[in-house]
Every structure is written in C-alpha cells, then in structure tokens.
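Some notes on the structure that comes next.
Derivation of every value follows stated rules applied to the coordinates shown; laboratory data play no part. Predicted model, so just to flag it, every value in this text is computed and none were measured. All Cβ positions, glycine included, derive from the backbone under ideal geometry; neighbour counts span all protein chains shown.
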C-alpha cells in the first residue's frame with residue numbers, strides 16, 4: 001500500500017502504544033511501509049510532544065496519572081503546534097488586564113503557559129478546564145461565566161452564560177474556532193457556543209483567535225465573526241502560505257508561530 005502521511009502515521013503509532021503499551025521501530029516500519037529512519041523521526045516528534053518515551057529499538061507509552069483528565073489523541077498530536085501558538089499569545093498579556101478566554105485545546109494550552117509573574121489579572125472564562133488550570137495562579141482572579149455545562153467538552157453555554165459577559169469590559173479575548181476562511185470568517189460547529197463567542201467578542205477591546213493550521217480554509221456550521229471583527233489570528237508554521245496571504249488580504253493580521 002502507499003505510504004501514509006506523517007499525521008496518519010502518528011495516529012497509528014499512538015494507537016499501537018495505547019493498545020499494547022510499547023511499539024517496535026522495525027515492526028512499525030513494516031506495518032506502515034516506511035523506513036526505520038522515518039519511524040525514528042516520528043517517535044522523536046511524538047516524544048517532543050510528551051506523547052511517548054523513546055527506548056532502545058522503539059517507544060513506550062506515557063501513562064497519565066490517575067488524577068489527570070483523559071486527553072484526546074488527535075488534539076495531543078497537534079500539541080507542539082498548539083503550544084507554539086499559545087506561547088506567542090502569552091506574550092500579549094500584561095499586568096492588570098481583564099482577559100476573556102473561551103474553550104478549546106489551544107486556549108487551554110495558553111492557560112497552562114500563563115507567566116507566573118503576571119499580577120492583578122482577571123480571567124473570565126466559560127471553560128472549566130481553563131478555570132481549573134488557572135485557579136492557583138498567584139496573580140489571577142478567575143471568574144466563571146456560569147450557564148449550562150456541555151458534557152465531555154466542559155464548556156458553559158446559555159442560558160445565563162451571557163449575563164456576565166454583557167457587564168464586562170475586557171482588555172483582550174483569546175478565542176478558538178472550528179474554522180477560519182477568508183470569505184466566511186470564523187465559524188464554529190455548535191450554535192450555542194458560537195453565540196457565547198459573539199458575546200465575548202463584543203465584551204473585549206482586542207480579539208485574538210488561536211487556530212492551528214488544520215482550522216484554516218475550513219467552514220463550520222455557525223458563524224462567529226467576519227475577519228473585520230477580529231484583530232489578530234495566531235496560527236502555526238504548517239499553515240499554507242497562500243491561505244495566510246488570502247486572510248491578510250482580507251484585512252486580518254495573521255501571526256505565524
């Protein structure tokens with residue numbers, strides 16, 4: 001069969017590790033019809049994302065502690081790109097600011113990278129994961145919007161979620177989305193969550209979307225905002241040059257991490 005793309009190989013390697021706890025370089029090379037050199041490069045990439053630990057001749061699974069919440073494998077495979085995006089976003093935060101943060105794995109990555117030296121910041125979020133990540137930050141006050149909890153996603157939606165957002169004047173909002181398109185703008189797969197995101201945009205002086213390359217040129221069901229309503233998009237280095245060019249031509253500032 002034809003050789004798989006890197007992302008497909010990474011998924012199959014993680015499937016093997018999750019099933020048996022370890023994987024052999026030679027066996028993976030045979031199964032995926034690539035060279036052992038390619039497999040070793042794949043294992044190095046995944047190890048840098050803290051998804052496995054390399055050993056002589058292969059790799060073993062990294063077992064989360066029983067206190068950690070389950071991690072989606074597909075999201076984890078993009079952790080390197082997401083962390084690069086989150087690192088740039090973290091540099092935008094200043095002492096004394098009120099910050100809105102919504103849901104999504106890249107926004108959660110930003111929460112994990114908040115500089116400990118930040119002081120006197122207020123964080124307003126509809127994400128339980130973000131709230132839990134930042135609750136012990138020494139310089140932060142965490143405000144949860146309230147609302148109806150979405151199962152598995154740990155996000156809060158209306159009713160009630162928009163009440164607090166109508167009363168807030170935030171300095172900056174860090175947002176996620178399911179798709180970014182030069183014509184259709186920023187979109188989401190869930191209508192109710194899209195409505196909360198719209199309220200967040202209205203409540204913030206600056207709006208920054210965090211979206212890895214897989215979200216670009218994708219259009220989801222519910223519109224969040226057009227390009228003109230957003231200040232900055234931060235994406236990763238795997239983003240298509242042409243796609244970034246089209247977004248910039250539409251008036252959006254795009255920063256590539």
Checked segment 6-61 with the C-alpha gyration tensor, a ≥ b ≥ c its square-rooted eigenvalues, rounded below a/c of 1.5, otherwise prolate if a/b is larger than b/c and oblate if not; verdict rounded
The residues 106, 98, sorted from fewest to most surrounding Cβ atoms within 10 Å, come out as 98, 106
Counted neighbours (other Cβ, 10 Å), sorted fewest up, put 114, 160 in the order 160, 114
Here the gain from full extension of residue 117 to residue 184, 0.36 nm per residue of separation minus their alpha-carbon distance, amounts to 20.3 nm
